[in-house]
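This report refers to the structure that appears directly beneath it.
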Amino acid sequence: MARLRVCVCTSYSVSVEPRAPRHAVAVANLSDEIEVVLIDCIPQGQPRITPRLFEGVRNLEYRTNYYPYRGAGRARLLFEKMKYWMSRQVYRTFGSLRAGALSTRAMKLESLLLDAKADVYMGYNIDALLPVSRAAARVGAVTVFDCQEFYSDMGQWQTGLDRELIRSVERKYLPACDLVLAASDEMADELVRFYGIKRPLPLYNVPPLQAELPGEKIEGFNLYWRNSSINLSSRGLGDGLAALSLLPPDIKLHVQGRLSEQGREELERRTRELGINERVIVHSPYEPHEAINAASRYTVGLCLEQSGCRNHDVTVSNKMFDYMMAGLPVVASDLPGLRDVVKRSGGGLLFESGRAEDLASKIMMLYRDRELLDQTAGRARGFALSEGNLDAEMKKLQDAFSALVNSKMKVERQAIQALSI
């Protein structure tokens, strides 16, 4: 492969955005002839934490866009918030798309991307799609975008204007991408149906291979649910609590993630109402590289996503794959994305999303039948080791990236030859 410069851009910090840094390293590992520049976005005044996986990758340069935040740069934040509201008003009035209409993080990205002088631009998160696409078009570069969510239908927290804006951005720029990535097969099919694009490459949010597990489990039958934040939202914790109240008293539920004061009050109130406050144990967040060890201590992993938005229906949470790598059988909502992984792996049971009674009955099947529990746990771990791991998924990315770049370079060589005749 000839000398190549690749710019990977995420509108979040790499410390909370796992796909962008993983993909950047996978591309860098293809060849020493590839120079990778990774640009992330961090609130002004916040520390930058370099991921461990960057260690020893000499052909990767890490740059950061510091954007104004409430805790620092307030004058600039006020100015950029005014630009944000103006950009949204321009869209409402004229239908014109500007990067700042989705977030203040994206306002400087296009100029930073152009400064990278790349041959390939790879974008992560929806507010990066527009600046990445425009920068690539200006210099004639290859464009790759990662649809790790179905961004135009993410749930009730989105406003109607947000959905409309995102649909407009996706409708305009996704078809022009040379390669689109998706977080599941179901997501890939839905993007084809919705936007008429070439089928994206599905890449699941899987963990690195972990050949050995700690082997120390908490005594008893312990359910485990984790999320970036703990709340009784569409991630289904409320259903988990209701199901726990229907289960034998020796079954406990462990929940892990960030817990706000409001979230704590809500959780404590609900567990008191159900009479299970002594059976719900809350754990503070873990370091990302400890995800598998953290999960391995428990008996059964819970994926409780509720239906109601397209994103929940077609994505697969990374917690599913972490549970399996940790050797836990899973009990998961019977939604298309989750269903496919559970059936393909044989590593769990499905319940009707939103029905606590059905969730409780599936947990009881594993509680009463220890042979079934061991079998599903073994299948889950086997699936994780054979295909549900980062090595397997990054090989797919590397193959697709190499094929794309080689195809583009061949076309360019043919065009140069034609001009010289």
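The values are calculated or read from the model by the stated rules, or taken from the named source; none is laboratory data. These numbers come from a predicted model, not from an experiment. Heads up, the Cβs are rebuilt from the backbone with ideal geometry, glycines too, and the neighbour counts pull from every protein chain shown. Accessible surface areas use protein heavy atoms only, side chains included; no ligands, DNA or RNA. Shrake-Rupley method; radii C 1.70, N 1.55, O 1.52, S 1.80 Å.
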What accessible area per residue, rounded to a whole number of Å², is obtained for segment 277-421 using a probe radius of 1.4 Å?
45 Å²
Based on the alpha-carbon gyration tensor of segment 127-198 and its eigenvalue square roots a ≥ b ≥ c, which shape applies: rounded if a/c is under 1.5, prolate if not and a/b is larger than b/c, or oblate?
oblate
Mind putting a number on the dipole of segment 1-72 about its Cα centre? Charges go on the C-beta only, +1 for Lys and Arg and -1 for Asp and Glu, and I need it in Debye to the nearest 20.
180 debye
When a/c is below 1.5 the answer is rounded, else prolate if a/b is larger than b/c, else oblate, so apply that to segment 271-361 with a ≥ b ≥ c taken from the square roots of the Cα gyration tensor eigenvalues.
oblate
Once the other residues with Cβ under 15 Å from the Cβ of TYR91 are scored (Lys, Arg +1; Asp, Glu -1), what is the net sum?
+4
Accessible area per residue, 1.4 Å probe, Å², for segment 122-226: what's the number?
41 Å²
Segment 345-373 to segment 128-143: how many Å between their Cα centroids?
46 Å
If Lys and Arg each add +1 and Asp and Glu each add -1, what is the summed charge of the other residues whose beta carbon sits under 13 Å from the beta carbon of ILE42?
+2
Among LEU113, SER133, SER87, whose Cα lies farthest out toward the positive end of the dipole of segment 87-134, if unit charges sit on the beta carbon of Lys, Arg (+1) and Asp, Glu (-1)?
SER87
Taking Lys and Arg as +1 and Asp and Glu as -1, residues besides ARG258 with C-beta under 11 Å from its C-beta add up to +2
The Rg/Rh figure for segment 130-256, Cα atoms and Kirkwood Rh, to two decimals is 1.12
Under Karplus coefficients 6.51, -1.76 and 1.60, residue-wise ³J(HN,Hα) of segment 177-186 in Hz, glycine/proline x
6, 6, 8, 10, 9, 9, 8, 6, 4, 5
Carbon/sulfur accessible area of segment 322-403, % of total, 1.4 Å probe, equals 48 percent
Residue by residue, what Karplus-based ³J(HN,Hα) values in Hz, rounded to whole numbers, does segment 285-300 have, using 6.51, -1.76 and 1.60 with θ = phi - 60° and x for Gly and Pro?
x, 9, 6, x, 6, 9, 4, 5, 4, 4, 6, 5, 6, 9, 9, 9
Max mean-square fluctuation residue, GNM over the chain, Cα-Cα springs under 10 Å, options GLY327, GLY354, GLY45:
GLY45
Picking from ILE230, LEU241, TRP157, whose Cα lies most toward the positive end of the charge dipole for segment 125-250 (charges on Cβ: Lys, Arg +1; Asp, Glu -1)?
TRP157
For segment 46-135, what does the alpha-carbon gyration tensor say about shape, rounded, prolate or oblate, given a ≥ b ≥ c as the root eigenvalues, a/c under 1.5 as rounded, and a/b over b/c as prolate?
oblate
For segment 185-309, with only Lys/Arg (+1) and Asp/Glu (-1) charged at the beta-carbon, what is the dipole magnitude about the Cα centre, in debye rounded to 20?
160 debye
Charged-residue dipole, Cβ positions (Lys, Arg, Asp, Glu), segment 219-278 about Cα centre, Debye nearest 20:
200 debye
Probe of 1.4 angstrom, ligands and nucleic acids ignored: what's the accessible area per residue over segment 37-89, in square angstrom?
65 Å²
Using the Cα centre of the chain as origin and beta-carbon charges of +1 (Lys, Arg) and -1 (Asp, Glu), tell me which of HIS312, CYS147, ALA360 is placed farthest towards the positive end of the dipole.
CYS147
